[in-house]
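Coordinate-derived values only; no laboratory data. Bear in mind that the values here come from a model prediction, so they are computed numbers and not experimental data. Glycine gets a Cβ as well: all are built from the backbone with ideal geometry, and neighbour counts include every protein chain shown.
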Amino acid sequence: MATRRKRELSPPENLQALERALQEGGLRRGYVLRGEERYFQEQALELIRGRAEKDGFEVCVHDAKRPQPDFSLSALIDDLSGGGLFAAARLVVLRNPEDPLKKVGGKPSPLTHALQAFVSDAQNPGCVVLCAGSIRLDHAAVKAIVAADGSVFGMRKLWDAPPPWNPDPRQAELVQWFLQLARTKGVRLQPAQAVYVCAATGNDLFALEDKLELLRRAPAEEIQRIVPWDASMPPWTVADTIVDGEAPRALAGIETVFRGGFQDKSGRRTLDPTALSSMLVGSLNRGVRQCLLVADALERGESESAAVRVLDLGGRKAAAQATLARAKKRSARAWRAMLADVQGLERSSKSGGDVEASAFTRFALRWKV
């Protein structure tokens with residue numbers, strides 16, 4: 001009988017697990033804080049650094065993000081190679097380690113060798129922390145940290161849309177986190193108010209935390225005045241709501257994209273309507289095609305698991321489940337008609353026709369479920 005796969009912890013759950021482990025057993029040899037959510041990375045680092053300072057560790061922090069004129073690979077390797085100058089042990093923190101960890105001539109980089117030596121040295125009681133957005137779990141440095149009784153914690157972005165099988169916006173992971181944070185800080189907030197604040201602010205956890213201070217003494221009727229609409233939403237997230245047929249969320253998302261633009265990982269915000277339309281059309285095209293493939297497979301009598309395998313999603317179970325749930329909302333014939341409608345938007349986009357927000361609004365209303 002196959003072993004049931006263990007559920008992956010959410011970032012808040014990972015933080016709680018890290019805090020418990022630090023309280024009960026102290027620092028491990030190393031930690032990998034892996035994911036794009038800097039808010040959780042910073043909280044995890046604060047926990048680790050607090051424990052290190054309590055235990056008398058010397059703390060050394062490096063940041064390899066480009067351009068970073070203050071970063072010195074040799075200084076980092078020195079910190080990993082030598083003992084603490086003024087303490088018995090050293091905590092070495094490296095942010096954005098991806099570039100210096102890349103292979104050189106097909107072989108592990110000097111930094112990888114230094115990390116391996118650091119965590120495997122029984123005479124060195126130090127600790128290393130890698131704060132990485134996209135490092136692979138099978139990277140030699142990560143494997144060395146895990147082999148030395150280190151830990152990997154996922155720090156991904158919170159899901160700002162509810163699961164397809166429970167479309168209530170109050171059930172979105174982001175909204176649930178925000179409500180819990182409000183309770184922790186003693187701020188009274190109703191679920192519907194949390195939905196509005198998260199939608200208006202976007203998936204920026206630092207900004208959402210700041211909003212709580214504004215809302216601490218705000219009457220319920222004042223929230224929309226105190227929290228203006230300043231969200232940035234990825235076009236592919238908006239496309240998902242349109243494909244889902246959830247008209248209210250889709251219309252709000254379209255407005256968000258065309259009013260607030262789209263902010264990428266670098267912090268750069270795209271406001272050009274033509275570029276936003278192009279991204280939205282491309283995401284719609286991909287989403288509808290995937291649903292059509294699954295709907296066709298289901299109507300041929302294939303099982304649900306076989307139907308989603310045609311998508312080749314690389315084992316992304318959540319993405320497969322979401323697409324399956326969407327695909328079952330319409331017949332294959334309806335999905336083909338919707339795809340033809342998307343292609344009409346695509347032709348308009350390429351010919352310079354009507355690709356304004358109103359075109360997507362009409363599309364979303366035509367295909368609401």
Answer in debye to the nearest 20: the dipole magnitude of segment 1-142 about its Cα centre, from +1 Lys/Arg and -1 Asp/Glu charges placed on Cβ, is 600
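Considering Cα pairs under 8 angstrom that are at least six residues apart, work out the relative contact order of the chain and quote it in whole percent.
Working: 513 pairs, mean separation 49.6, N = 369.
In percent, rounded to a whole number, it is 13.
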Considering the options Thr361, Val308, Gly261, tell which one lies farthest towards the positive end of the dipole of segment 235-366, charges being +1 on Lys and Arg and -1 on Asp and Glu at the Cβ, about the Cα centre. Val308
Along each of the three principal axes of the Cα atoms of the chain, give the extent in whole Å, ordering the values from largest to smallest. 68, 54, 48
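Taking the Cα centre of segment 235-366 as origin, work out the dipole magnitude from +1 charges on Lys and Arg Cβ and -1 charges on Asp and Glu Cβ, in debye rounded to 20.
160
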Farthest toward the dipole's positive end in segment 16-63, which of His62, Gln23, Phe40, given Cβ charges of +1 (Lys, Arg) and -1 (Asp, Glu) about the Cα centre? Gln23
Going toward the positive end of the dipole of the chain, with +1 on Lys and Arg Cβ and -1 on Asp and Glu Cβ, which of Leu115, Gly202, Val288 do you reach last? Val288
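Give the value in nm², to one decimal: projected area of the alpha carbon convex hull of segment 28-154, averaged over all directions. If you can, show how the numbers build up before the last one.
On the way: hull surface 29.8 nm².
Convex hull of Cα atoms, orientation-averaged projection: 7.4 nm².
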In bins 10 Å wide, starting from 0, what share of all Cα pairs of segment 104-233 does each bin hold, as a percent? 11, 31, 18, 18, 17, 5, 0
Are any of the pairs Lys157/Lys368; Lys65/Lys185; Lys65/Lys107; Lys107/Lys157 more than 26 Å apart by Cα-Cα distance, and if so, which? Lys157/Lys368; Lys65/Lys185; Lys107/Lys157
Please find the FRET efficiency linking Glu299 to Arg20, where r is the Cβ-Cβ separation and R0 is fixed at 56 Å, and quote it to the nearest 0.05. 0.70
Which order results if Glu8, Glu255 are arranged by neighbouring Cβ count within 10 Å, fewest first? Glu8, Glu255
Over segment 169-226, consider all pairs of different Cα atoms and compute the Kirkwood hydrodynamic radius from their mean reciprocal separation; express it in Å, one decimal. 11.1
Any idea what diffusion coefficient segment 235-366 gets from Stokes-Einstein, in µm²/s, Kirkwood Rh on alpha carbon pairs, 20 °C, 1.002 mPa s? 140
What list of ³J(HN,Hα) couplings, whole Hz, do you get for segment 101-106 from phi and the Karplus terms 6.51, -1.76, 1.60, once you set θ to phi - 60° and write x for glycine and proline? 8, 5, 5, 10, x, x
Using per-residue counts of other Cβ atoms within 10 Å, averaged over each peptide, order 206-217, 237-248 from highest down. 237-248, 206-217
Residue-count net charge about Gln68 - beta-carbon cut-off 14 Å; Lys, Arg +1, Asp, Glu -1: -1
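Dipole magnitude of the chain about its Cα centre, charges +1 at Lys/Arg Cβ and -1 at Asp/Glu Cβ only, in debye to the nearest 20? Walk me through the numbers on the way to the answer.
On the way: 53 positive and 45 negative charges, 214 e Å.
Rounded to the nearest 20 debye, it is 1020 debye.
Starting with the fewest neighbours, write out Ser349, Ser134 ranked by other beta-carbon atoms found within 10 Å of each beta-carbon.
Working: Ser349 18, Ser134 9.
Ranking Ser349, Ser134 by Cβ neighbours within 10 Å, fewest first, gives Ser134, Ser349.
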Under the rule of at least 5 residues apart or a separate chain, name every residue whose amide H is placed under 5 Å from the amide H of Gln263. Met233, Thr270
